[in-house]
Amino acid sequence: MAILPIHEVPDPILKQVAEPVSQVDDRVRKLLDDMAETMFAAPGIGLAAPQVGVSERILVAAVPVRDGVSEELEEDEEMGSESFLTELINPVIVEREGLILFDEGCLSVPELTIEVERSERIVIEALDRNGAPMRVEASGFYAVVFQHEMDHLDGVTLYDRISKLKRTLYLKKRKKRRG
């Protein structure tokens with residue numbers, strides 16, 4: 001396993017719509033392993049393949065899925081726990097309901113937190129690391145995490161959700177910090 005570099009805005013790969021994975025093989029499984037290691041090292045709670053320079057529809061998230069359901073339980077004290085790793089290949093949201101507002105941050109848009117409106121409950125169909133179909137029903141914060149990472153697969157970041165003026169100021173601030 002390896003820790004991969006995380007691409008940050010305005011890197012063009014973050015604007016691309018990622019390609020579907022045609023075959024789940026050892027290359028994809030290695031990428032999943034490397035993405036998980038990268039996410040936990042960052043530390044983050046989710047990571048999409050475009051964030052590590054691979055324009056494919058793959059994501060990892062440190063949220064639990066128990067019997068196809070991802071919802072917060074009281075015993076879920078260790079947010080971002082390695083035991084909560086979920087891997088999704090070619091995820092598609094097939095159901096949505098409700099609305100929820102959440103303050104979100106992003107490894108590819110450091111030092112920016114904004115409030116984003118998301119669906120409160122979603123159902124995702126995807127493939128697992130062995131290419132088997134899976135279905136995940138997620139709600140609350142966990143639904144937000146999956147939707148955030150799936151935005152990356154469609155070339156959308158938090159940076160795209162702020163005004164043009166705020167984008168210009170954000171990039172100037174980041175450039176100044178890098179010196």
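Things worth noting here:
- Heavy-atom accessible surface of the range 65-126, averaged per residue, reaches 57 Å², computed with a 1.4 Å probe.
- Sulfur and carbon atoms: percent of accessible area, the range 37-86 [1.4 Å]: 43 percent
- Rolling a 1.4 Å probe over the protein heavy atoms of the range 99-153, with every protein chain left in place, gives an accessible area that is 49 percent carbon and sulfur.
- Distance in nm between pseudo-label sites at residue 163 and residue 67 (7 Å out along the Cβ direction from Cα): 4.9 nm
- Among beta bridges identified by DSSP and lying wholly in the chain, the antiparallel ones come to about 90 percent.
- Whole-Å distance, taken between Cα centres, linking the range 105-179 and the range 15-92: 13 Å
- Where Cα atoms sit under 29 Å apart: lysine pairs in the chain separated by 8 or more or lying on different chains: 13
- The H on the amide N of residue 53, modeled in the peptide plane, is under 5 Å from the matching H of 7, each at least 5 residues off or on a different chain.
- Restriction of the GluC sites (Glu not before Pro) in the range 10-82 to DSSP coil positions whose beta-carbon has at most 11 other beta-carbons within 10 angstrom yields 74, 75, 77, 78.
The values are calculated or read from the model by the stated rules, or taken from the named source; none is laboratory data. The structure presented is a predicted model; accordingly, all values stated were derived computationally and were not measured. A quick note on method: Cβ atoms are made from the backbone with ideal geometry, for glycine too, and the neighbour counts reach across all protein chains shown. When the accessible area is computed, the model is the full protein with side chains, heavy atoms only, and any ligands, DNA or RNA have been set aside. Shrake-Rupley method; radii C 1.70, N 1.55, O 1.52, S 1.80 Å.
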